[in-house]
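One structure is given here, and the rest of the page talks about it.
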Amino acid sequence: MSDKVKVTIDGITVEVEPGISILNAARQIGGDVVPPAMCYYSKLEGSGGKCRTCLVKVSKGSEKDPRPMPKLVASCRTNVMDGMEVQNITSPEVVEARKGVVEILLINHPLDCPICDQAGECHLQDLAFEHGSEATRYEFERRTFDRIDIGDKIQLHMTRCILCYRCVYTADQITNNRVHGVLGRGDASEISTYIEKAIDNDFSGNVIDVCPVGALTDRTFRFKNRVWFTKPVDAHRDCPTCSGKVTLWYKGADVLRVTARKDQFGEAEEFICNTCRFDTKQTGDWVIEGPRNISNNSVISANHYETLRPLPVVQNNALLQEANKEQFERATKF
Ligand code: SF4
Ligand code: FES
């Protein structure tokens with residue numbers, strides 16, 4: 001007897017390991033079925049449950065107890081049950097609720113995409129594009145903060161922060177002491193001075209990669225270019241501190257920035273050290289592997305590169321291929 005459980009998401013059934021979250025089950029299907037996740041990060045223990053962008057509707061709890069769950073649930077924090085049925089984009093209620101979440105996230109987040117380094121690879125920008133409304137109903141004063149330099153390489157724009165806690169978990173899980181965190185509560189919450197202490201750590205630059213918005217940016221790349229004008233290239237070096245596997249972002253012959261390699265969910269495949277990120281920006285420092293595969297739905301792709309291949313679970317399943325047909329067609333159009 002298989003020890004896997006069956007879960008159906010937006011009409012597509014997959015068999016997954018018991019105990020995984022609905023979000024991770026959806027990621028095994030891939031495509032538009034995957035709920036957006038602004039705070040969950042598979043490499044960060046304890047992450048998730050903060051932003052509510054991953055809300056879904058559980059229309060059938062399980063085979064044993066088919067009652068639907070009374071409220072929408074955070075898919076990153078709700079585990080699958082055998083026979084569970086979930087609705088994501090097929091539920092108007094979910095789409096409406098997500099629109100509300102985007103509205104809340106945008107209450108304090110400035111619309112400064114034209115000058116923000118994260119534009120083009122910002123998850124909130126994508127979400128606002130997909131679900132946002134053109135006007136806000138908010139009439140009160142917004143939170144504002146001064147910019148803080150976290151060391152000479154990282155800048156914190158607290159005004160843009162959505163309090164997803166990813167940087168806190170990153171700093172927490174790469175240092176031995178807990179010297180950072182979110183200070184204050186409610187609308188006074190902020191990522192604050194504690195996190196500045198993480199700058200002594202070789203891996204502190206990873207807070208830039210995990211930040212889903214432009215709140216933590218790379219000062220060495222600041223205002224250098226728009227990401228869609230740069231070309232991502234995979235490269236590696238023999239690094240004593242990390243795996244040395246990175247993506248170099250080129251403009252002409254210059255390496256403008258170095259980041260971790262991101263997977264199709266926007267997560268770093270492996271965290272990289274600060275020497276690789278900030279101090280090795282000459283092509284000669286690296287062994288070049290070739291162009292980074294970027295989904296050609298992404299603004300970064302800018303028609304340069306081939307797309308990511310569909311996940312194996314989709315490739316081997318005719319039903320899933322049919323369900324993702326439109327996505328395949330988009331993905332293979334050059
Ligand atoms: S600074 Fe970025 S990563 Fe940190 S909590 Fe704010 S949005 Fe999240
Ligand atoms: S990704 Fe699930 S609550 Fe943020």
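The values are calculated or read from the model by the stated rules, or taken from the named source; none is laboratory data. Please read all numbers here as calculations on a predicted model, not as lab measurements. Here the Cβ positions follow ideal geometry from the backbone for every residue, glycine too, while neighbour counts run over all protein chains shown.
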- request: Among the residues of the stretch 30-42, write down those that are closer than 21 Å to ILE208 by Cβ and either near ligand 1 (Cβ under 10 Å from one of its atoms) or buried (at least 20 other Cβ atoms within 10 Å of the Cβ) (or both).
  value: PRO36, ALA37, MET38, CYS39, TYR40, TYR41
- prompt: What pairs can you find where one residue is in the stretch 121-134 and of a type in the set (A, V, I, L, M), the other is outside any helix (DSSP H, G or I), and their Cβ atoms are less than 8 Å apart, with a gap of 6+ or different chains?
  reply: LEU124/MET38; LEU124/HIS109; LEU124/ILE162; LEU124/PRO212; LEU124/VAL213; LEU127/PRO36; LEU127/MET38; LEU127/THR53
field: Positions within the stretch 72-85 being among the acidic types (Asp, Glu) and surrounded by 17 or more Cβ atoms within 10 Å (Cβ to Cβ), in sequence order
entry: GLU85
- request: Find the residue count for the stretch 235-259, including only residues that are in contact with a helix residue (DSSP H, G or I) (Cβ under 9 Å, 6 or more places away or on another chain) and within 17 Å of SER295 (Cβ to Cβ).
  value: 2
message: Criterion first (away from ligand 2 (no atom under 14 Å from the Cβ), aliphatic (A, V, I, L, M) and surrounded by fewer than 17 Cβ atoms within 10 Å (Cβ to Cβ)) does MET69 satisfy it?
response: yes
task: Look through ASP234, ASP209 and report the one residue that is under 21 Å from the mean Cα position of the chain (by Cα) and part of a helix (DSSP H, G or I).
output: ASP209
field: Residue satisfying condition, being in a loop (DSSP other than H, G, I, E, B) and among the acidic types (Asp, Glu), within set GLU85, GLU15, GLU63
entry: GLU63
field: Meets criteria (within 20 Å of the chain's Cα centre (by Cα), away from ligand 1 (no atom under 16 Å from the Cβ) and charged (D, E, K, R)) for ARG52
entry: no
- request: Go through the residues of the stretch 239-247 one by one and say whether even a single one is in contact (Cβ under 8 Å) with a residue 12 or more places away in the chain and within 25 Å of THR159 (Cα to Cα).
  value: no
- request: Please work out which residue is nearest to ALA37 (Cα to Cα), limiting yourself to the stretch 141-166 and to residues that are outside any helix (DSSP H, G or I) and of a type in the set (Ser, Thr, Tyr).
  value: TYR165
Hits in the stretch 43-66 (condition: more than 6 Å from ligand 2 (Cβ to nearest atom), among the hydroxyl-bearing types (Ser, Thr, Tyr) and surrounded by 24 or more Cβ atoms within 10 Å (Cβ to Cβ)): none
task: Could you grab me the full set of residues in the stretch 131-143 that are more than 16 Å from ligand 2 (Cβ to nearest atom) and touching a helix residue (DSSP H, G or I) at 6+ places or on another chain (Cβ under 6 Å)?
output: GLY132, TYR138, ARG142, ARG143
query: So which residues in the stretch 149-181 are modelled with pLDDT of 85 or more, more than 16 Å from ligand 2 (Cβ to nearest atom) and among the hydrophobic types (A, V, I, L, M, F, W, C), if there are any at all?
result: ILE154, LEU156, MET158
message: Being within 14 Å of ligand 1 (Cβ to nearest atom), under 30 Å from ASN206 (Cβ atoms), under 16 Å from the mean Cα position of the chain (by Cα) and not aliphatic (A, V, I, L, M) narrows it down to one residue among GLU121, GLU45; which is it?
response: GLU121
field: In the stretch 1-29, the residues that are under 30 Å from VAL213 (Cα atoms) and hydroxyl-bearing (Ser, Thr, Tyr)
entry: SER21
- line: If we ask which residues in the stretch 98-131 are in contact with a Gly (Cβ under 7 Å, 6 or more places away or on another chain) and part of a helix (DSSP H, G or I), their number turns out to be 3
message: Where the second residue is among the hydroxyl-bearing types (Ser, Thr, Tyr) and modelled with pLDDT of 95 or more and the first is in a loop (DSSP other than H, G, I, E, B) and lies in the stretch 42-59, which pairs have Cβ atoms under 6 Å and are six or more apart or on separate chains?
response: SER47/TYR40; SER47/TYR41; GLY48/TYR40; CYS54/SER75
